[in-house]
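Here's the structure we're looking at; comments come further down.
A short reminder: the numbers here are calculations on the coordinates, not readings from a lab. Quick caveat, the model's predicted, so the values are computed rather than measured. Glycine gets a Cβ as well: all are built from the backbone with ideal geometry, and neighbour counts include every protein chain shown.
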Amino acid sequence: MAWKKDNEQPVKKIKDPLLKALKMVTSLSERSMDEASLKRHRASMERTAKLAVPRGNVEIHPFSIGEMACEEICPAGAENDNHAVLYIHGGGYITGGISYARVLGVKLALATGYRTYSFAYRLAPEKPYPAALEDSEALWKYLLDKGFLPQDILIAGDSAGGNMALCMAQKMKAEGMELPGRLLLFSPWTDMTATAPSYEIYEKSDPILTKAYVEGAAKAYIADAGEADDARFSPLFGDLSGLPPIFIMAGRNEILLDDSVRLADRIEECGGQAALDIEEEGWHVYAQMPIPIAARAMKRLGEYLAADADQRQ
């Protein structure tokens, strides 16, 4: 977490075999985003995710809300805990299922010690905005009905899931609802206009995303509901005042880096609290991977929450 705005480092190119493999597996890149391509990509992501779920002392309990598949991930000792994590998976709103969500869901449960709830929201382009928002709100209501207090729920999300976590908090505030206690964002997608300088600066170093993929995903999700700079889709341009404290984790070598940096800056300008953690060796949602820098990242997240709990006592 030693990253500083005035500490520019040379941009790295994708040379590591692991990163090259990631580029091939996880991003549609410039490939067609038609029905057949999306179907193959989604299936590949689910298969890969099943192999990447971390081992740990957790119990996973499937359940459903209507037709939506959900999971309760319980770390050892959390059965009587009154805190919960509502986790929203990434994938550009066009990919990702319950197996994909399980990877970071388990990591969050282990790092926080809280029961973590993940779910498979409806995907675009078949179900564009506001389907994923409605599904996220359904899980929020489910947790409230179970007896969790809003301030005891942390909303976490990676990439598009980070976008949704922030959009939900803004919507709750605008409607006068009680807010979650914290937002935990991993490489959040906060600006769907895809115009930030980091798209060009880190084009050669990001093993996960391309600008073409991001633009295609945004178009599929928004459909005919508005423009990309609308705060419903790009929360960076919305009201960021009065939100709960936010922990933002990103990789130095990702095209969405500016989405995290500018979010932290704007929150602080509004008088809010934003902790920005940027891993120099990391990339887009690197914490999801079974690698040492990811383990250290989740350890830092746990320490952040523990320090916050100590301050409130």
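Fraction of C-alpha pairs exceeding 18 angstrom in the range 179-228: 41 percent, rounded to a whole number.
With N counted as the residues of the range 215-261, its alpha-carbon radius of gyration over 2.2 N^0.38 Å works out to 1.35. P(r) of the range 62-215 in 5 Å steps, Cα pairs, percent per bin? It works out to 2, 9, 19, 23, 20, 14, 8, 4, 2, 0, in whole percents.
How would you order 173-179, 187-193, 122-128 from highest to lowest mean count of nearby Cβ atoms within 10 Å? Walk me through the intermediate numbers first.
Numbers: 173-179: 12.3, 187-193: 26.6, 122-128: 17.3.
Put in order of decreasing packing, that is 187-193, 122-128, 173-179.
Think of it as helices only: each DSSP H run of n ≥ 4 in the chain is worth -39500 (n - 2.57), and spread over all residues that comes to -12500 deg cm²/dmol at 222 nm. If R0 is taken as 35 Å, the Cβ-Cβ distance between ALA131 and HIS61 corresponds to a FRET efficiency of 0.90. Given their separation in residues at 0.36 nm each and the Cα-Cα distance between them, ALA295 and ASN82 gain 74.1 nm when the chain is fully extended. Shape summary of the range 250-313, radius of gyration then Dmax from alpha carbon positions: 13.2, 39 Å. Dividing the alpha-carbon radius of gyration of the chain by the rule-of-thumb value 2.2 N^0.38 Å gives 0.91. Take the Cα of ASP239, go 7 Å toward its beta carbon, and the backbone nitrogen atoms of the range 152-196 under 12 Å from that spot belong to 170-177. Compared with the alpha-carbon gap, the fully stretched path from GLN273 to ALA52 is longer by 76.3 nm at 0.36 nm per residue. Taking other Cβ atoms within 10 Å as a rough exposure proxy, LYS211, LYS299 sort from fewest to most as LYS299, LYS211.
On the beta carbon distance between ALA225 and ARG40, with R0 = 22 Å, the FRET formula returns roughly 0.25. Each distinct pair of alpha carbons in the range 40-136 adds a 1/r term; the inverse of their mean, the Kirkwood radius, is 13.7 Å.
Panel order for SER159, SER234, by other beta carbons found within 10 Å of each beta carbon, from fewest to most: SER234, SER159.
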